[in-house]
There are 2 protein chains.
Amino acid sequence: MLCWNEESPQQRKQLLARPAVSVSADVKAVVENIINDVATRGDQALLDMANRFDGRTQPRLLVPSVEIAQSAALLSAELKAAIEQAYQNIRSFHAKQLPQGYSLETQPGVSCELQYQAIEAVGLYVPGGSAPLPSSVLMQGVCAQLSGAEVVLATPVKGNEKINPAILYAAKLCGITKIVEAGGAGAIAAMALGTASVQRVNKVFGPGNSFVTMAKQLLSQSLPGFAIDMPAGPSEVLVIADERANPAFIAADLLSQAEHGTDSQVILLCNSKATIEATERQLELQLATLPRAEIARAALANSSLILVESLEQAFAISAEYGPEHLILQIADAERYVPLVKNAGSVFVGDYTPESAGDYASGTNHVLPTYGYSKTYSSLSLLDFYRTYTIQKISKNGLINLSSAILPLASAEGLDAHANAVKIRLEALNND
Amino acid sequence: MLCWNEESPQQRKQLLARPAVSVSADVKAVVENIINDVATRGDQALLDMANRFDGRTQPRLLVPSVEIAQSAALLSAELKAAIEQAYQNIRSFHAKQLPQGYSLETQPGVSCELQYQAIEAVGLYVPGGSAPLPSSVLMQGVCAQLSGAEVVLATPVKGNEKINPAILYAAKLCGITKIVEAGGAGAIAAMALGTASVQRVNKVFGPGNSFVTMAKQLLSQSLPGFAIDMPAGPSEVLVIADERANPAFIAADLLSQAEHGTDSQVILLCNSKATIEATERQLELQLATLPRAEIARAALANSSLILVESLEQAFAISAEYGPEHLILQIADAERYVPLVKNAGSVFVGDYTPESAGDYASGTNHVLPTYGYSKTYSSLSLLDFYRTYTIQKISKNGLINLSSAILPLASAEGLDAHANAVKIRLEALNND
């Protein structure tokens, strides 16, 4: 346990520092080769990589539609219902984000509009790793479905396994028909560049390892018009708890973040020494039965339980840190929500664990990490749209507006800008 | 003149290719040094750079507030009125973009919210170059003002000149009080990192040369939480004109884009050979009197006047190109607006020149270029906000939701995620 007020400014900064993410130069070189390989050899490059990286002896690319259609039959009734319930909640929450343009006559004869256009084609990446991630399909897929974009979903399949039916069923609910069995940087490159089997998309979403992240970065920097969702970093949670909070709940929330990966970061800010000490005991107790205890222990090593003098101090520290997930286990927690700043998603009250939002409450679990919650948004439908503007100016509108355009163009030394107006005014005079 | 239907697919691709933007490795090395210098020496680094790069013998950093307050007195009545008129139009158009959150009970006891938070502090960069750019102040400054962010504006000042009063007056209207006389990569680094005189900001907006662009890129990649507006590329216009369009208007619009820089790109798509030929003659005529003719001629060398078989074909080509500015000089132009895809800003009808939107119609002139209008938005108030989500779950809500969370956590092999729910359900059972 640490006490915030006893730490020096330098130590405080250190406490809130993120674990360094170092990407070796090797990763960049490997990913550049993969991108070039996909650009030149297309499908064959993907098939070779599935063999080499995923140990597929008979790799294939597109999942036949019959497998998607029949996926539900391979699921337990509980899992099928869970996917459906999560889908419904996520869909109803995100449906309220459908954007609407507007138009406005800014001055007589000058009509201006802002309109939304759905991004035409999107790629969704779902990592493989140790387990299938149907929740990742839902969080990205619902948005894509609501926007009406064409969708390609890519996910790796290992060895001689079949693609997991939970992934397929989640995709089916989201109306996704193009599913590619490909992973890593190769999958990202295929969606960004297009191959014979994989449709080229305009924007790629989704989490992934350092190769995936590097591929997203390199392609978004080099391919005109190609975009990615947001910078990716290790996952993190900050819990603010008071003296009456349940230490078992606090420990469970900290561990549910810590089990994500050894680079996860968990922070507890609490105004009670006794509660922190009880949480420390609960952490040991719960770790004892956790299958991913080793990962969680490593993550806890990056993490701190910190005694604060007041809840107000806790909220100020949280705003400085900018956590991806912020959990409030405090009395009358709702009253404190207006104090929240720079959080990705907020979990209010003792009975709102992070895992509710990770899976099923309806909010999106794709959130800014690594301090980016100071500037970046939680994933929303708006990330699948772009805005553009339209103006229509009448002859009289242009006459009215010229008193603003001409002096400004002249002040900026842009004569041709002024000319484009003057030549029209002359035409009107000669009418 | 080229005829689209006579070009091979390869030639068509070439016609729509952007001029390559090559950034030398030198630029990166220079900018890295500048960033390190600002990080270690702060204000003194900025003062030294003002001397070295801008030839300031007595550089200063912050503009005294009295100079901002008295700026109007140094302007001509026309320019003052023009800045005010543009400010009003831009402000009323962007005020309609003030975002609103919502809340929704996705299932009984599960309440979810989406909220908007204004980014706390923003930096606005206004390049110096050959002329002051008050319009750039307005386009960025109005958004910052409406969002309520703390604002730092940076702009270079050359030699022994004073900072231009048009810049100061535009800033004054936008309520900006912190104006820094600094340019280039140093100015960007100062706003991103903070110095004794320059407040640290969360996000930097604004155009600039390759050093500015590189500084924005490097800092947004290395500084956790720091963000930038959008990828920057050379400016461009695509004009779609029909046989009845006025060749003088077409030429004037092409030139108003071409005079921006030698790397600007202008494209005309027209269904009439005669109109294209008349436009070619008008280009020569108008170039003859243009002060920036040399720049415009170089830009025209990257550019093409293309004969199309129909307006529908023109809109399809435009969607493929994704122009920053799209001008429609066609009969009944409004009827064609629904065919527009992937444009940054659209100018509808013979009397709506691009310079109207560049300065004063009310729309924002900060637009995605280089094909990014397929995925990126025109600058709007939303770029000064971020969204985050909140969930509040009641005890019964959690019981209801557990049937979705537990099977999904189990399918994903995340036991601690399930535990965070189970431990709460047990507590409820023991109540």
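Read the figures in this text as sums done on the coordinates, not as results from a lab. What you see is a predicted model, and the numbers here were worked out from it, not measured in a lab. Note: ideal-geometry Cβ built from the backbone for every residue, glycine included; neighbour counts use all protein chains shown.
Just the number, please: percent antiparallel of the DSSP beta bridges in chain A, rounded to the nearest 5.
Here the share of antiparallel DSSP bridges comes out near 30 percent.
In sequence order, what are the phi-derived ³J(HN,Hα) couplings for region A:151-167 according to the Karplus relation 6.51 cos²θ - 1.76 cosθ + 1.60 with θ = phi - 60°, rounded to whole Hz, with x for glycine and proline?
Taking θ as phi minus 60°, the curve returns 10, 10, 10, 10, 8, x, 10, 9, x, 9, 5, 9, 4, 5, x, 5, 5 Hz for region A:151-167.
Using θ = phi - 60° and the Karplus form 6.51 cos²θ - 1.76 cosθ + 1.60, what ³J(HN,Hα) does each residue of region B:85-91 get, whole Hz, x for Gly and Pro?
5, 4, 4, 4, 5, 5, 5
With r defined as the distance between the Cβ atoms of residue A:332 and residue A:130 and R0 fixed at 41 Å, what FRET efficiency is calculated, to the nearest 0.05?
The calculated FRET efficiency here is 0.55.
Length gain on complete extension for the stretch residue A:301 to residue A:14, per 0.36 nm per residue less the alpha carbon to alpha carbon distance?
Fully extending the segment from residue A:301 to residue A:14 adds 102.0 nm.
Any chance you could check the Cα centroid distance between region B:372-406 and region B:413-431 for me, in angstrom?
Going from one Cα centre to the other spans 24 Å.
Just to be sure I understand: chains A and B are related by a rotation, so which residue of A has its Cβ closest to that axis, and how close in Å?
So the chain A residue sitting closest to the axis is A:382, 4.
Which pairs break 29 Å Cα to Cα here: A:28/B:374; A:80/B:341; A:178/A:341?
Too far apart for the 29 Å limit: A:80/B:341; A:178/A:341.
Mean projection of the alpha-carbon convex hull of the protein assembly as shown over all orientations, in nm²?
Mean shadow area of the hull around the Cα atoms is 35.9 nm².
Every other copy gets compared here: list the nm distances from the residue A:403 label point (7 Å along Cα to Cβ) to its counterparts, shortest first, one decimal.
Label-point distances to the other copies, shortest first: 6.8 nm.
Count, for each residue of B:334-346, the Cβ atoms from other chains sitting within 10 Å of its Cβ, then give me the mean as a whole number.
Across the residues of B:334-346, the mean count of other-chain Cβ atoms within 10 Å is 3.
For region A:297-407, with equal point scatterers placed on the C-alpha atoms only and solvent neglected, what are the log10 I(q)/I(0) values from the Debye formula at q = 0.15, 0.16, 0.18 1/Å, to two decimals?
Evaluating at q = 0.15, 0.16, 0.18 Å⁻¹ gives log10 I(q)/I(0) of -0.75, -0.82, -1.00.
For residue B:32 paired with residue A:309, estimate the spin-label separation in nm (one decimal), with each label point 7 Å from Cα along the Cα-to-Cβ line.
Result for the modelled spin labels: 4.4 nm.
Between residue A:23 and residue A:161, how high is the FRET efficiency from 1/(1 + (r/R0)^6) when r is the Cβ-Cβ distance and R₀ = 25 Å? Nearest 0.05.
0.30
In whole angstrom, how far apart do the alpha carbon centroids of region A:1-64 and region B:101-153 sit?
Taking the Cα centre of each part, region A:1-64 and region B:101-153 sit 32 Å apart.
Divide by every residue of chain B the summed helix terms, -39500 (n - 2.57) for each DSSP H run of at least 4, and state the resulting mean residue ellipticity at 222 nm, rounded to the nearest 500 deg cm²/dmol.
Roughly -14000 deg cm²/dmol at 222 nm, from the helical runs in chain B.
For helix A:415-430, report the angle its Cα long axis makes with the longest principal axis of the Cα atoms of chain A; keep it between 0 and 90° and round to the nearest 10°.
Tilt relative to chain A: about 40 degrees.
If I take R0 = 51 Å and measure r between the Cβ atoms of residue B:39 and residue A:431 in this structure, what FRET efficiency does the formula 1/(1 + (r/R0)^6) give, to the nearest 0.05?
The value I calculate is 0.25.
If you wrap a convex hull around the alpha carbons of region A:190-236, what volume per residue comes out, as a whole number of Å³?
Enclosed volume per residue, from the Cα hull, is 74 Å³.
What order, most packed first, do the peptides B:55-62, A:31-38 have when packing is the mean number of other Cβ atoms within 10 Å of each residue?
Per-residue Cβ counts within 10 Å, averaged per peptide and sorted highest first, yield A:31-38, B:55-62.
What is the spread of the Cα atoms of region A:18-85 along each of their three principal axes, largest first, in whole Å?
So the three principal-axis extents are 47, 40, 19 Å.
List, in order, the whole-Hz ³J(HN,Hα) value for each residue of region A:289-294 obtained from phi through the Karplus relation with A = 6.51, B = -1.76, C = 1.60 and θ = phi - 60°; use x for Gly and Pro.
10, 8, x, 9, 4, 5
Mind listing which trypsin sites (Lys or Arg not before Pro) in region A:152-194 are in a DSSP loop and have 16 or fewer other Cβ atoms within 10 Å?
Of the trypsin sites (Lys or Arg not before Pro), the ones in loops of region A:152-194 whose Cβ has at most 16 other Cβ atoms within 10 Å are A:158, A:162.
Considering only DSSP beta bridges where both residues belong to the protein assembly as shown, give the percentage that are antiparallel (nearest 5).
Around 30 percent antiparallel, to the nearest 5.
Could you work out the relative contact order of chain A, using alpha carbon pairs under 8 angstrom and six or more residues apart, expressed as a whole percent?
Result for chain A is 20 percent.
Amide H to amide H under 5 Å from residue A:227: which residues, 5+ apart in sequence or cross-chain, H placed 1.01 Å off N in plane?
Correct list: A:203, A:204.
Between residue B:289 and residue A:244, what is the label-to-label distance in nm when each label sits 7 Å out along the Cα-to-Cβ direction?
8.0 nm
Hey, what does the equivalent ellipsoid look like for region B:382-431, semi-axes from the Cα gyration tensor as sqrt of 5 times each eigenvalue, largest first, whole Å?
Equivalent ellipsoid semi-axes, largest first: 27, 16, 9 Å.
Taking each residue of A:225-238 in turn, how many C-beta atoms of other protein chains fall within 10 Å of its C-beta, and what is the average?
Average neighbour count from other chains, rounded to a whole number: 2.
Output, in nm with one decimal and in ascending order, the distances from the residue B:28 label point to the matching label points of the other copies (7 Å from Cα along Cα-to-Cβ).
Copy-to-copy label distances at residue B:28, shortest first: 0.5 nm.
Along Cα→Cβ at 7 Å, what distances in nm separate the residue A:426 label point from those on the other copies, shortest first?
8.6
Only counting other Cβ atoms within 10 Å, I'd like A:3, A:174 sorted with the fewest neighbours first.
Going from sparsest to densest Cβ surroundings: A:3, A:174.
For the Cα atoms of chain A, what angle does the longest principal axis make with the long axis of helix A:247-258, in degrees from 0 to 90, nearest 10?
Helix A:247-258 and the main axis of chain A meet at about 60 degrees.
Can you give the alpha-carbon Rg of region A:1-153 over 2.2 N^0.38 Å, where N counts its residues?
The reported ratio for this selection is 1.59.
Arrange A:230, B:1, A:191 by Cβ neighbour counts within 10 Å, fewest through most, would you?
Starting with the residue having the fewest Cβ neighbours, the order is B:1, A:230, A:191.
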